[in-house]
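The values are calculated or read from the model by the stated rules, or taken from the named source; none is laboratory data. Predicted model only: the values in this text are computed from it and were never measured. Please note that ligands, DNA and RNA were not included when accessible areas were found on the heavy atoms of the full protein model with its side chains. Shrake-Rupley method; radii C 1.70, N 1.55, O 1.52, S 1.80 Å.
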Amino acid sequence: MGVKIIKLEVPTVVGKSLAKITAAVEQENPDVVLSIGQAGSRADISVERVGINFYLNKRSENRF
């Protein structure tokens, strides 16, 4: 049994990223989804123990 790995780059805008991920999951029907992000403040790969997302204001790129 082989493994198929699919890479998907998603935008950092919350509403747009969710739509792109949902479409890919529906198309590929994966057994597992592994989401990996980049933390600019870290030099090494690490596990994020707590994920906190802030919706800063109406001008924030992270708004819906």
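Accessible area of residue 9 (1.4 Å probe, protein heavy atoms only, ligands and nucleic acids ignored): about 150 Å².
Put 21, 45, 6 in order of accessible area, highest first, and with a 1.4 Å probe you get 45, 6, 21. Solvent-accessible surface of the stretch 1-51, averaged per residue with a 1.4 angstrom probe and all protein chains in place: 102 square angstrom.
Counting 0.36 nm for each residue step from residue 3 to residue 45 and taking away their Cα separation leaves a gain of 12.8 nm.
Across 22, 12, the residue with the most accessible area heads the list, and the full order at a 1.4 Å probe is 12, 22.
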